[in-house]
Amino acid sequence: MKNFINLKDISAKDLRKILNDAKKRKNKRKKLSTLDVDKDKPLKGKLIIQMYEKQSSRTRLSFHLSIAQLGGGSVTIKANELHLGKGGETLADTAKILSTYGDGFMLRTDSDKKIQDFSKNLTIPIINLLSPSSHPCQVLSDIFTVEEVKKKPISKLNICWIGDSNNVLNSLIAASVKFKFNLNVGCPRSYRPPKFVMDWVKKNKKKINFFDDPQKAVENADVIFSDKVVSLNDKVNKAKKIKDFKNYRINSSLMKKTKKDSTIFLHCLPRGNEVLEDVFLGKQSKVWQQALNRIHVQKSILLYCFEKLR
């Protein structure tokens, strides 16, 4: 079995195998309905347990469909529905129970430590659905979408991120090391990624380009990524943060600064006022294709964890 927690901990070779498998599986589903099972039913007889400590729309729905299309079964629980840390049951005990009843475990959490603690005590694979420092399923799926739309390896493209430094950007930075693509980041200096992220980048002899001016950051960009500036659970002065990012809103004028009509826009959703309607719903936006592809890539992530990649 294998875990899927952080992109930085997975080899570039394995990440590419996941993407290649996802492409093959997506192509084979062109004539199938949403709940039709893949012909090989690779997860037949498997039960995957999902636990959510944070709100989720796309991750919850896309993984439900991913598991169903692979022929497996799933059950979704909330953390407050378990004895986790209550009634004398430790996390280690909970992990043993989960390993007894299920074949795989997926966790969306507000604690990186909890992900690591579960991984040490489970005897079944664990997938990180989102944690404070990482959103690996989202970003690997985004790589798939970029290559699908642009019809070339991401290593040959210029990628740009405009907005806050968060778990999605952390995973995108990890992806830039693994897939060797150029990454520009446009954000206020005080919102740049934490030291542990940049130390890992330096250790891997990679350079990320940072810009205080978003117009310079997007020059020659083939893809512009963004995310919500103020997340639902942000424990910050929200009014100040919005003010700090007022010059980083993505509009048609900024898109033109790329000097390329072919530049695409991606956003992991939900959106806020960091992107204007004319861009988000415009012809350069691929956000709906991006959301759909979560299903296909996550199927191959599951197969990677069960060591069933073809």
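Brief remarks on what is shown
- Sulfur and carbon atoms: percent of accessible area, the chain [1.4 Å]: 51 percent
- Across segment 208-282, Cα-Cα pairs farther apart than 14 Å form 62% of the total.
- Rolling a 1.4 Å probe across all protein chains gives Glu219 an accessible area of roughly 80 Å².
- Kirkwood hydrodynamic radius over Cα pairs of the chain, then Stokes diffusion coefficient at 25 °C and 0.890 mPa s, in µm²/s: 122 µm²/s
- In this structure, the amide hydrogen of Asn220, modeled 1.01 Å from its nitrogen in the peptide plane, lies closer than 5 angstrom to those of Lys259, counting only residues at least 5 positions away or on a different chain.
- Counting only residues at least eight positions apart within a chain, or on another chain, the aspartates and glutamates with an alpha carbon under 20 Å from that of Lys246 are Asp164, Asp212, Asp213, Glu219, Asp227, Asp234, Glu274, Glu277, Asp278.
- Aspartates and glutamates whose Cα lies under 20 Å from that of Lys151, excluding same-chain neighbours fewer than 8 positions away: Asp21, Asp142, Asp222, Asp261
- Qualifying trypsin sites (Lys or Arg not before Pro) for segment 204-249 [loop in DSSP, other Cβ within 10 Å: at most 11]: Lys205, Lys207, Lys235
- Distance between segment 110-146 and segment 11-50 - C-alpha centres, whole angstrom: 18 Å
- Mean separation of Cα pairs under 8 Å and 6 or more residues apart, divided by the residue count, gives the chain a relative contact order of 21 percent.
- Note on segment 123-230: Cα Rg divided by 2.2 N^0.38 Å, N the number of residues, gives 1.05.
- Angle of helix 91-101 to the longest C-alpha principal axis of the chain, folded into 0 to 90 degrees and rounded to 10: 70°.
- Solvent exposure of the chain as accessible area per residue, Å², 1.4 Å probe: 48 Å²
- Figure note: Glu53, Glu277 ranked by solvent-accessible area, largest first, 1.4 Å probe, ligands and nucleic acids not counted: Glu277, Glu53.
- In this Cβ point-charge picture (+1 for Lys and Arg, -1 for Asp and Glu), the chain has a dipole of about 980 debye about its Cα centre.
The values are calculated or read from the model by the stated rules, or taken from the named source; none is laboratory data. Everything quoted here is computed from the prediction, not taken from an experiment. Note that each Cβ is placed from the backbone with ideal geometry, even for glycine, and that neighbours are counted across all protein chains shown. SASA here: full protein model, heavy atoms, side chains in, ligands and nucleic acids out. Shrake-Rupley method; radii C 1.70, N 1.55, O 1.52, S 1.80 Å.
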